[in-house]
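To keep things clear, I will list the structure first and then write my remarks on it.
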């Protein structure tokens, strides 16, 4: 066991944030009003190249609001990946709608071949709407997740969107800072291409406000509606007139005080994470039975999470044995999420030709990747990974 804990993914905070926090305390603006909220929104919009951004309580809240303003209704269906964190799917249930699960490709993102095949052969396009032949329900939207900061194939997806008149909601909660280097969307950030994009600032994300999220869109009327709904739908805030059911989904000023500092450090964080990824990659290429998943070469990814694949036959132990051993010696690692179509609330929902996702669920391991991870820590992780080879196991 090593004499320190190497965490999986923790915040990279500076004490300079304290000046912002001190101001919120001195002014009393610690809740859902105050200058830092608008400042953070403006900085986010500028960073991702959008005209406006709306801060909210969490990435999940942002996804919920996005589905509502995109017109998803009770008994509609929304196509989602099964390989994702469950927060990408639960908001569909909040709306009284149902998910239809898609498989992943080798980038861990939604398989666009299977998506198009499903829409062509398992659905009907009637009166401008996609009807699921099996359920007879209207499919309104697709939620695409940029898994671990690796950009999904948005060029392909947007062609599918236009062909089938579907809404596209980008879950970019893991992908702040990732953008495209080639193709139709060159220099466009993840989250800025579909109808609406959502980001998260949870403590394990590349920048953090402790909690919180942000919503962006090229359709400013949608953002106006999101801002309205997120603050209890006050039509007249002076006389407390509410013409709709709203939500308490606004970000607090004290959270935004963190965000305005964190976003200024984002490019440095990405630079460090890319450097550390390459250190891992160089070493893992020489360990028989281990592969580190690549990021798309035609993108500038944010390198949020590092994933390794374990080939038990070549490496000598399986993923679960490696997971247990590393955590026992204070190297925090985690498996992939349990596939969502296998979770109890979704056992009766439709999945389409899910196959590859099972492989990654069983063989993938996430290893330490914080933006304040130092090279000495990486060397420790690599040393532990090298202990499990076929030769070592035979020697025992």
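For segment 266-395, count the residues as N, evaluate 2.2 N^0.38 Å, and divide the Cα radius of gyration by that value, please.
For segment 266-395, the normalised Cα radius of gyration comes out at 1.15.
Segment 188-335: Rg/Rh from Cα coordinates, Kirkwood Rh?
Radius of gyration relative to Kirkwood radius: 1.12.
Evaluate E = 1/(1 + (r/R0)^6) for residue 264 and residue 233, where r is the Cβ-Cβ distance and R0 equals 35 Å; express this FRET efficiency to the nearest 0.05.
With R0 = 35 Å, the Cβ-Cβ based efficiency is 0.60.
Could you calculate the contour length gain from residue 93 to residue 271, that is, 0.36 nm times the residue separation minus the distance between their Cα atoms, to one decimal place in nm?
Result for the pair: 60.3 nm of gain on full extension.
At what distance in nm do the modelled label points of residue 203 and residue 124 sit from each other, each positioned 7 Å from its Cα along Cα→Cβ?
5.2
Provide the gained length on full extension for the span residue 46 to residue 325, in nm with one decimal, where the gain is 0.36 nm per separating residue minus the Cα-Cα distance.
The residue 46-residue 325 span can extend by a further 96.1 nm.
On average over all directions, what projected area in square nanometres does segment 306-354 have, based on the convex hull of its Cα atoms?
So the Cα hull casts an average projection of 5.2 nm².
Give the order of 123, 190, 104, 329 when sorted by the count of other beta carbons within 10 angstrom, beginning with the fewest.
Final ranking by Cβ density, sparse to dense: 329, 123, 104, 190.
For segment 157-198, compute Rh as the Kirkwood radius over C-alpha pairs and then the Stokes-Einstein diffusion coefficient at 25 °C and 0.890 mPa s; write the answer in µm²/s, rounded to an integer.
In µm²/s, the coefficient is 228.
Using label points projected 7 Å from each Cα along Cα→Cβ, tell me how many nm separate residue 133 and residue 27, to one decimal.
5.9
For the pair residue 244 and residue 106, how long in nm is the line joining their label points, each one 7 Å along Cα→Cβ?
It is 4.5 nm.
What value in Å³ per residue do you get for the convex hull of the alpha-carbon atoms in segment 151-259?
Spelled out: Cα convex hull of segment 151-259, divided by residues, is 122 Å³.
Laboratory data are not the source of any read-out in this text; all were calculated from the coordinates shown. Bear in mind the structure is a predicted one, so any value in this text is a computation, not a measurement. In this analysis, Cβ positions are derived from the backbone assuming ideal geometry, glycine residues included, and neighbour counts consider all displayed protein chains.
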